[in-house]
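Undergrad: The structure follows.
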Amino acid sequence: MEAKDQKSGLAFIDLKSNDPVNLYEDWHQEAMKYMKEVYELEPLQCKIRAHLCHQDAKVDWTEMKERHDELLRQAESDPESLVMPEHFVGYKLIPTWFDFYFSKDNFIADRMEFTNVDGVWTNMRIAA
């Protein structure tokens, strides 16, 4: 599988302060050898899910539960039996930039930008 350079972004809300946080990063699809190492570190329920679930596929819950129980019995009798499925894919996100934004009531908004260039993080205030 050949990796393509992509751009990706992530935005979420800090639930403690209700402030938005944005992350932007360059990402590369990791080689399958690396993904196998990641898969091997997953807990059993995640390995079962990787074998059981194909995202957004319609399922019959009873059939899925039967397959789950079968995979669980298989893993309990032979822990090495749940090898990484071919459809298992992951991405390693390496942030190069993010910002924090804070605003409340009648206070002026405060926004901090953090940038990573060659492994060195710098930060500064920017206009909100």
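Just so you know, all these numbers are worked out from the coordinates, no wet-lab data involved. Remember, it's a predicted structure, so these values are computed and weren't measured experimentally. Reconstructed Cβ throughout: ideal geometry from the backbone, glycine too, with neighbour counts over all protein chains shown.
Undergrad: Could you list all residues from segment 40-78 that are touching a Leu at 6+ places or on another chain (Cβ under 9 Å) and in contact (Cβ under 8 Å) with a residue 12 or more places away in the chain?
TA: Answer for segment 40-78, where residues must be touching a Leu at 6+ places or on another chain (Cβ under 9 Å) and in contact (Cβ under 8 Å) with a residue 12 or more places away in the chain: 44, 47, 48, 50, 51, 52, 64, 67, 68, 71, 72, 75.
Undergrad: Condition first: under 30 Å from residue 34 (Cβ atoms), among the polar types (S, T, N, Q) and in contact (Cβ under 8 Å) with a residue 24 or more places away in the chain. Now tell me which residues in segment 92-121 satisfy that.
TA: 96
Undergrad: What number of residues in segment 40-90 are touching a Phe, Trp or Tyr at 6+ places or on another chain (Cβ under 9 Å) and among the small types (Gly, Ala, Ser)?
TA: Going through segment 40-90 one residue at a time, the tally reaches 2.
Undergrad: Looking at segment 61-84, which of its residues are closer than 21 Å to residue 40 by Cβ, among the aliphatic types (A, V, I, L, M) and part of a helix (DSSP H, G or I)?
TA: 71, 72, 75
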